[in-house]
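Below: the structure, in structure tokens.
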Amino acid sequence: TPIPISFTKEFEPEKTGQQPTWMDSLSAFVKQNLLTIIGIFTLVLGIGYFVKYAIDQNWIGETARFSIGIFTGLGILATGFFLKKNYKIFSSILSGGGLAILYLSVTLAFREYQLFSQNTAFVILILITILSVVIAWFYDSETIVIFALIGGFGSPLMVSTGVSNYPFLFTYVTFLNLGMVAIAFLKNWKNIGWVAFFLTYLYLISWI
């Protein structure tokens, strides 16, 4: 009597529903927005080249240079705000470019033109960092928060005069980290914690 043969389904591993890692998210983000990111960097470099050319030709003074940078950055932020409804990802990247111009303008105004004191420049950079966090919250964008975090950690370096004031430095880093912990907890953005951890230890190792 022939023995009946039962064909079983080939083994397939069960789907665990594992969330994509931050590397997967970053890779997908870059692939989808590569041209946009290149465009923003080109815009920032183009504005910088134009201002440099105007400086070489003595068209504008130091205060005007700083003003152009600030108003350009704010203008780009405003453009990103108006484009948010239909182009959310593009507008968030555009806002990142505007914030980069603000950071760069304040740093150059302090280092190259000495338009204001170190404390004033540092306070302005802190305000820009707070603005970055507010914009990130508005866009619900972890990418902008990480950008703000990098800008916040970079602010002491942007206005550094070479004098070691480590109590103030690490007090500032502590408060910055506390703010980022609050955001990471409220939004469940875990990547912020790793970035803050890494940058904090860079400061600590460099100081040691």
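The values are calculated or read from the model by the stated rules, or taken from the named source; none is laboratory data. Computed from a predicted structure; not experimentally measured. Here the Cβ positions follow ideal geometry from the backbone for every residue, glycine too, while neighbour counts run over all protein chains shown. Quick note on the areas: whole protein, heavy atoms, side chains included, nothing else; ligands and nucleic acids left out. Shrake-Rupley method; radii C 1.70, N 1.55, O 1.52, S 1.80 Å.
I'm trying to understand the selection: among the residues of segment 80-101, which are among the polar types (S, T, N, Q) and open to solvent by less than 70 Å² (accessible area, probe 1.4 Å)?
Listed by number, the residues that qualify are S91, S92, S95.
Taking only segment 156-186 into account, find how many residues are surrounded by 12 or more Cβ atoms within 10 Å (Cβ to Cβ) and under 17 Å from the mean Cα position of the chain (by Cα).
The qualifying residues number 10.
In this structure, is N177 in a helix (DSSP H, G or I) and over 27 Å from I76 (Cβ atoms)?
yes
Considering only residues that are aromatic (F, W, Y) and within 19 Å of L131 (Cβ to Cβ), look in segment 54-74 and name the one that is surrounded by the fewest Cβ atoms within 10 Å (Cβ to Cβ).
F71
Does segment 84-91 include one or more residues that are over 17 Å from the mean Cα position of the chain (by Cα) and farther than 28 Å from I47 by Cβ?
no
With open to solvent by 40 Å² or more (accessible area, probe 1.4 Å) and either in contact with a Pro (Cβ under 7 Å, 6 or more places away or on another chain) or hydrophobic (A, V, I, L, M, F, W, C) (or both) as the only criterion, which of L104, L77 stands out?
Only one candidate passes the filter, namely L104.
Considering only residues that are within 16 Å of I124 (Cα to Cα) and modelled with pLDDT under 80, which ones fall in segment 82-99?
Matches in segment 82-99: none.
Please indicate, with yes or no, whether at least one residue in segment 17-34 is within 22 Å of L149 (Cα to Cα), modelled with pLDDT under 75 and part of a loop (DSSP other than H, G, I, E, B).
Yes, because at least one residue in segment 17-34 is within 22 Å of L149 (Cα to Cα), modelled with pLDDT under 75 and part of a loop (DSSP other than H, G, I, E, B).
Name every residue in segment 123-139 that is over 15 Å from G179 (Cβ atoms) and modelled with pLDDT of 85 or more, in order of residue number.
Selection gives V123, I124.
For segment 157-189, how many residues meet the condition of being under 22 Å from F138 (Cβ atoms) and in contact (Cβ under 8 Å) with a residue 24 or more places away in the chain?
Total meeting the criteria: 6.
From the list T79, T63, exactly one residue is among the β-branched types (V, I, T), assigned to a helix (DSSP H, G or I) and over 20 Å from V123 (Cα atoms). Which is it?
Answer to the check: T79.
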